[in-house]
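Derivation of every value follows stated rules applied to the coordinates shown; laboratory data play no part. The structure displayed is predicted, hence computed values, not measured ones. Here the Cβ is made from the backbone with ideal geometry for all residues, glycine too, and neighbour counts use every protein chain on show.
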Amino acid sequence: MNCTLLTGDLANHATPCLVLGVFAQEPLTGAAAAMDRASSGQLAALWQKGDLSGDAGRTLLLYALPGVAAERILLIDFGKSAECTRAKYRKTLTAAIAALQQLHAGAAVLALPEQLPEGLDLYAAVRDVVTLAAAGTYRYTRTKTDKKAPKMPLTALALWLAADAEMRSAELALTHGTALAAGTQLAKELGNLPGNICTPTYLAEQALALAEQFAALTVDVLDAAAMAELGMNALLSVARGSRQPPKLIVLNYRGGAADAKPVVLVGKGLTFDAGGISLKPANEMDEMKYDMSGGASVLGVMQVACALQLPLNLIGVVPSSENLPDGDANKPGDVVTSMSGQTIEVLNTDAEGRLILCDALTYCQRFDPEVVIDVATLTGACVIALGKHATGLFSPDDALAAELLAAGDRAGDRAWRMPLWEDYQQQIDTNFADMANVGGREGGAITAACFLARFTKTYRWAHLDIAGVAWLSGKEKGSTGRPVGLLTQFLLNHCANGAG
Ligand code: BES
Ligand code: MN
Ligand code: ZN
């Protein structure tokens, strides 16, 4: 998908399709009003027939409008201007892209309605167009022989802007949006790949391939022997049940001052989670191929930082393993000693995410981090608490939590803060080790975060539970690439604040 910007005479611009954003129940304004003048009032005449009824996302296709060079005009209804929220705006754009995919157009010019939703500036509006166009045209084909592409998929979209004065912020939005779309797509593709292809070794290879592309990025892959040397017995205990060797993937991007402390992102890279001896039920178990989505989002964000040459130092750490039942697998009641020296009683082998993360989080101390953010499909309980709309955010640091919430709002990739109070800590006490890896059904997402908190005491830290948001199920089954948007925005804000 190639997105570009365009200004100037729209009526005389030849294109297979001109998409005009309108508020159908209101007088034509902006580009739509200009096309009406160019067609000597023909657009308004068609308009008055009332085929667009004010439902956001409805479209109407017109052919051969006199005075307008475009072969087709696709009117897209943004609903009522007063009610057009950010969410509605995004939904409507998604519908427009879907409609374009059905046409035999291939390329299009898009003119947004003159009035943007409240609180949405041009930068964010343009970035949304770029990322939603990429999302709407992404298709997973890697393991399909019948690739069933649309007859003429949309490959080029030019966004028309009324004034040259808007160009500067629009260009920045285009640059950011293009990089963000590519990083999100990387995360989606890795998420969607089946577990027999996307193994820990495969993830490590993808990280190494990224380092080939960008001079500022280096990648180190630690194998089981190196992890054993470091005492990462919690991580290794999970991997023992699998024939696939575990990997600790460490990505190091240096775009900031030599002495600037790095931002560190840690992503759960569990390439298939069967639960281990505490085996999961068969229903929907296939979706546990998505249990590496946190790791995939870290790779995606690293790619964005490299592509934009962000002025900061950024480290990605992806502990990667499978979790399978086996004669050598973790058993309920086993006690393992983590890299931190703290012992853990493995009461449920399906709570493996925290076991691989705790050693990765201890490993992060060596980077003297500015901040550490981990991203993990950690608990089904988080899905119950927040559904599939919000990432669960946990942090003992109010300022950091506020920054992450704001970044999510700005990016349209929202999180919601959950408590991390001491009160919950006692749920993971046990008679047989320093802590248990599960704390019962009550507040399951919180006790998982409490577990991680015991390994992150020496630096600023936040935990993102993306179990609900990382993929969609049912007919729309597929990775969302979240929270690459939130994390990218967090980094952009971090750089803008001169903290890079
Ligand atoms: N990867 C799962 C969490 C998960 C489950 C994400 C369903 C998305 C949908 C994680 O490893 C897990 O199995 N967690 C257990 C923890 C429990 C045993 C305390 C869970 O949530 O059931
Ligand atoms: Mn599990
Ligand atoms: Zn898991």
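Applying 1/(1 + (r/R0)^6) with r as the Cβ-Cβ distance of Asp286 and Lys144 and R0 = 22 angstrom yields a FRET efficiency of 0.90. Rounded to the nearest 10 degrees, the angle from helix 353-363 to the longest Cα principal axis of the chain is 80 degrees. Listed peptides 374-383, 288-297, 436-445 appear in the order 288-297, 374-383, 436-445 once ranked by packing, highest mean of other Cβ atoms within 10 Å at the front. Among 213-223, 277-287, sorting by the average number of other beta carbon atoms lying within 10 angstrom of each residue, highest first, gives 213-223, 277-287.
Between Arg37 and Ala228, the contour length at 0.36 nm per residue exceeds the alpha carbon distance by 61.4 nm. With a simple spin-label model that places each label point 7 Å from the Cα along the Cα-to-Cβ direction, the separation between Asp423 and Lys475 comes to 4.3 nm. Straight-line cross-link reach from Lys261 at under 24 Å between alpha-carbon atoms covers these lysines, not counting any fewer than eight positions away in the same chain: Lys457. Please tell me which of these pairs span more than 23 angstrom C-alpha to C-alpha: Lys188/Lys388; Lys247/Lys388; Lys144/Lys475; Lys247/Lys289; Lys148/Lys477? Violating the 23 Å Cα-Cα cut-off are Lys247/Lys388.
The angle between the Cα long axis of helix 86-102 and the main principal axis of the chain comes to about 70°, on a 0 to 90 degree scale.
If contacts are Cα pairs under 8 angstrom and at least 6 residues apart, what is the relative contact order of the chain in percent? Once divided by the residue count of the chain, the mean separation gives 14 percent. I'd like the FRET efficiency for Glu442 and Lys80, computed as 1/(1 + (r/R0)^6) with the beta carbon distance as r and R0 of 51 Å, rounded to 0.05. Approximately 0.70, to the nearest 0.05. In this simple spin-label approximation, Asp397 and Leu120 carry label points 7 Å from Cα along the Cα→Cβ vector, and these lie 3.2 nm apart. One Cα centroid belongs to segment 1-68, the other to segment 100-121; the line between them spans 11 Å.
Over segment 2-161, Cα pairs under 8 Å with separation of 6+ residues give a relative contact order of 32 percent. A full extension of the chain between Thr343 and Lys151 corresponds to an added length of 63.3 nm, given 0.36 nm per residue minus the alpha carbon distance.
Computed from Cα positions, the angle between helix 398-411 and the longest principal axis of the chain comes to roughly 40 degrees.
Of all DSSP bridge pairs formed entirely within the chain, close to 40 percent run antiparallel. Taking 0.36 nm per residue of separation and subtracting the Cα-Cα distance, full extension of the segment from Ser53 to Glu71 would add 4.1 nm. Whole-percent P(r), the chain, all Cα pairs, 10 Å bins from 0: 4, 19, 28, 22, 15, 8, 3, 1, 0.
Take the Cβ atoms of Ala496 and Ala165, set R0 to 22 Å, and the FRET efficiency comes out at 0.55.
For segment 256-368, report the % of Cα-Cα distances exceeding 25 Å. The proportion of pairs with Cα distances above 25 Å equals 33 percent.
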